[in-house]
Amino acid sequence: MTISRLLSVFFLILAFFLGWRLIGHEEGWSSRQDLRQHRDVLAMQLKEIEQKNIELSREIRRLTSDRAYLESVIRVEMHFLRPDEVLYIPQNDVSRRSP
């Protein structure tokens, strides 16, 4: 074999090896695409979490500054009554019956 043929074979083997590294290897092109998709999913989750954070911050500000809102939240969520109120629970209330 001549030197030019040996160099051709060497470069052909090198090209196959580099192509395999680029496309088929775990650090290759498919891995890069998977990482991009994962990044996009994480970015979407981050936007959702940031939006929820903004909503919770607004809720906190409203709870600390608006006394009427705070009272309504306590009354609804914790079922508190004012001293002059009476709570009536009907006997035929289906949701209160035990099985």
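Here, each number is a calculation from the coordinates, and none is a lab measurement. Please read all numbers here as calculations on a predicted model, not as lab measurements. Cβ coordinates were reconstructed from backbone atoms using ideal geometry, including for glycine residues, and neighbour counts include every protein chain displayed.
Here are a few things to note about the model shown:
- Inter-site label distance for R32 and M78 at 7 Å from Cα along Cβ, in nm: 5.7
- Rounded to the nearest whole Hz, the Karplus-based 3J(HN,Hα) values (6.51 cos²θ - 1.76 cosθ + 1.60, θ = phi - 60°) of the range 37-54 follow the sequence 5, 5, 4, 5, 5, 5, 5, 5, 5, 5, 4, 4, 5, 5, 5, 5, 4, 4, with x at glycine and proline.
- Label positions at E48 and R67, each projected 7 Å from the Cα along the C-beta direction, are separated by 4.0 nm.
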